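All remarks here apply to the structure that follows.
Readers should treat all values here as calculations from the given coordinates under stated rules, not as data from a laboratory. Computed from a predicted structure; not experimentally measured. Note that we place each Cβ from the backbone using ideal geometry, even for glycine, and neighbour counts take in every protein chain shown.
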């Protein structure tokens, strides 16, 4: 049978993978959680749409943004009020009346050190009532506030621009209740995603979201930024799985919408506005969320594919054949894999090199059934010539190793210098065209090459193909203004023409505030401004960002 | 093995089912779509929270609701304006300048004939621009409007109370595009759910929603009421699967948020407000929705269970063991099954009688795997003594037949006389307690019994256990004010005490407008009123309802 004959490369790949991956066993430790790792190592100094000097203030980087004179400056009287209402000594980090600049730095800067504010006061409320008292006082006294979760964002949304007070949610980290029959979890916003997921694992459930920063990010921050991550394809968006929230509005009003029901059709679904609002209309204090059953079995396969056209076909086939067990379908281009290889010196699990690679993950309740389905899927796509080579992980170690070729891209790029990163959604048909067009554009300008004379090392793309979510990365050797000018606003215009989104999952923050017009028309932006005004008339919540 | 021994009842059940169900083959035709069926047969004259005389006007039934004097009455000038802008002759049903009262009746009355309005003008726009022109004119001239989809609702949301103009969406019924790789469908709001689903079936996809009224209801109406239905357990809510909408605001502004991307984090997710808004902040004209892969295999089992406690255990086990293939878990009490038996004269698929029955459906990509999982689940729950008896459908006919014992309840109840129906959400642990408490309450008042002297025949419960969504039904022989007084507001208070929802999936409409306070606190209702004012300052959209 033709199918069986063509299966040979899979089996070869598998052998190689089984052998090769053992060498890579330790790699997961260093690469698997790039965010937490990088936030300590500070290996590279700029990343994103524009280069920053180390320790440059956001206010210097964005000179167009002016401090809003309506906002008061924090005084010793303000500080003593906050000290009086917050239960704990350590709940106030006070750089106004004491010299606590060093203590405040981690709250003033994002993990990439791309954004840096001038905040002098950090408050860490322990209860919803404390959040309410803080905001009421801030609103009455025109003090601007930045809500802050795990501070793992990529667009500068969770750090101040000027002297806004940081309200950090890390002390509100309790799991409140979990119903083992329904799978409904109620927890405080400051719970760390990974800790929450580990709690759920002990009950046979899973948090319906997974992402690289899970070791640091808060579930409240996940909701506030409508985080997408690795398994949206399977578990859907937070707009679907979130059942309720408790939030505090700018004036201190506590909005109790902490519904623990899957169905509740009684009025406008206001909680949805807080999901993805990036802390601009209220601070989420508690979350009620529907958690899926944890899968007993997990399988991962990695393919080499000859064209983007065939990658799309592979995705279509995976949906059809793996259907209910498909939990991730990730795309990586050849360039991104070459960079990972270059940095890690690891042998790639597939022998040849291919322009595209796909990582397919299945999660199901029966390992044997899932293995059969995946094997039969592999045979089928090879038989049809859709996939050129493939390898199937056989155990947990191999699964983790295969994932490093996807999850390790961010860190590998970081090792090599500055990176311009774009997180965008594009209708699937043209998803990869953006990478090719940018590569051609940089090349035509004579800025792309293998040697030191060229500022750009590579233009690569990867991402969540199952969600039509591309991460475009331009890896550079040094800052060069010509590169920046080639990229923007060209990229945003390119995306707008195709009705894509300039922010798939990372949000707007400071970085994309002025670009919202590329993804939303003036009517929509006008309505959004009305919403903002309704919920936060004084505009004290996370100013200078979002809209 | 104990498991094998205890399996005997399953096998017995199966045999019986296979034999018994053949007699019922035709039953599906008459029962499967109660809504469409009933809307023509008009078999029973009252249903819901209060009894209505045939052809009673809503304004008579709810004398507290007064016509808002700010609204203009429709004049011949208005009619001629609408005739001038609507492309088609049949797009205006005019009871103002012509005698079209009979033609207008179907638009003035809901399918249960529970609500009846005084509307004299029905408009059927064919394009978004026409909807926009209609609403701009109505807003400028203070003409109130009722958006109307398939008019299959249960709470009077889609028919006028007084002389509001009906804007019926049935002419906007085109599928605009479908992407076979991503599964994203874009369609006009007036597409009938079943027609849309049949189109998707031809492409290997399924609409992420299924409900009894599918033969008549519109997908725009499904979104406007945030319909739940049979497979929410599997495919999640419309808040998760809807990617975008196009809608027209009260002043005629077209909101183009017809996003065709799974991820788009650029500003507040405004479309969410329209989902479940029941036409009070705009008219949805187009929909973009993520459709799941259609499952190749479907299996259905029906169990007899000795207690509600064990029904919960069965659900927990089904989630654990059937996990990704579980697509419905429905609960029916013994009373509801007895009524279906009484009306249809069919033999129940299970021999004994049980206080509870559960219908479990699986949908997956591999029939053999699914069958194995379901069989092993059945063995397991019987071995553990959770399930007393069970039967497994072996083919499509049997699957349909088993479903009639769940889907046929509504119609069976209708055959027997007036029904007070409550669609509520209650945390799972106490879900069925409401039925027991109401039954005891009606019984204690001496109103419940088997003979004609008692006004109440039965108090039964059934529903979507997977979603903690109970349909409480009080089946009566005749209208009796004492019954009504026993039920309300007792039921709403009972639910509020347990943080349930007074409307799980049917919405507020006219029926539950004044009860929203039982499920939403004043802060939430205040915020909702602000939203309404922002989107519809003159209040012309679906007045007298919702808030």
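Odds and ends about this structure:
- Cβ-derived FRET efficiency at R0 35 Å, residue A:201 paired with residue A:142, nearest 0.05: 0.20
- Partner chain coverage, peptide B:237-244 - average Cβ within 10 angstrom: 5
- Compactness of the stretch A:175-290 - radius of gyration and Dmax, Cα, Å: 13.2, 40
- Across the copies of the chain, residue A:371 has label points (7 Å from Cα along Cα→Cβ) spaced 2.2 nm apart, shortest distance listed first.
- Other protein chain Cβ atoms within 10 Å, averaged over every residue that makes up B:515-521: 3
- Segments A:484-495, B:182-193, B:424-435 sorted - mean Cβ within 10 Å per residue, highest first: B:182-193, B:424-435, A:484-495
- Sorted from nearest, the other copies put their residue A:347 label points 6.8 nm away, the label point being 7 Å from Cα in the direction of Cβ.
- Distance from the stretch B:163-199 to the stretch A:465-479 (C-alpha centre basis), Å: 36
- Pairs of alpha carbons in chain A separated by more than 37 Å make up 32% of all such pairs.
- Cβ-Cβ FRET estimate between residue A:177 and residue A:372, R0 fixed at 35 Å, reported to 0.05: 0.35
- For the stretch B:418-534, the relative contact order is 30 percent, taking Cα pairs closer than 8 Å that sit 6 or more residues apart in sequence and dividing their mean separation by the residue count.
- Working from label points 7 Å from Cα in the Cα-to-Cβ sense, the residue B:89 to residue B:338 distance is 5.8 nm.
- Applying Stokes-Einstein at 4 °C and 1.567 mPa s to the Kirkwood radius of the stretch B:58-168, computed over alpha-carbon pairs, gives a translational diffusion coefficient of 92 µm² s⁻¹.
- Hull volume in cubic angstrom per residue (convex hull over the Cα atoms of the stretch A:320-461): 139
- A label point on residue B:199, set 7 Å along the Cα-to-Cβ line, lies at 4.5 nm from each of its counterparts in the other copies, closest listed first.
- Remark: B:457, A:439, B:67 ranked as B:67, A:439, B:457, counting other beta-carbon atoms within 10 Å and listing the fewest first.
- Residue order for A:477, B:482, fewest other beta carbons within 10 angstrom first, comes to B:482, A:477.
- The mean count of C-beta atoms from other chains within 10 Å of the C-beta of residues in A:253-261, rounded to a whole number, is 5.
- Point-to-point label distance, residue B:100-residue A:97, nm (Cα→Cβ direction, 7 Å offset): 7.5
- Rel. contact order, % - alpha carbon contacts under 8 angstrom, at least six apart, chain A: 18
- Nearest residue to the symmetry axis between B and A, taken on chain B by its Cβ, in whole Å: B:240, 1
- C-alpha center-to-center spacing [the stretch A:324-396, the stretch B:81-145] in angstrom: 57
- Taking 7 Å steps out from each Cα toward its Cβ at residue B:296 and residue A:479 produces label points 5.7 nm apart.
- Helix content alone sets the calculated 222 nm mean residue ellipticity of chain B: runs of n ≥ 4 DSSP H residues at -39500 (n - 2.57) each, divided across all residues, give -10500 deg cm²/dmol.
- Shape summary: the stretch A:262-359 maps onto an equivalent ellipsoid whose semi-axes, from the alpha-carbon gyration tensor, are 38, 19, 15 Å in decreasing order.
- Distribution of pairwise C-alpha distances over the protein assembly as shown, 20 Å bins, in %: 12, 41, 36, 11, 0
- Which of B:376, B:503, A:363, B:88 has the fewest Cβ neighbours within 10 Å, and the rest in rising order: B:88, B:376, A:363, B:503
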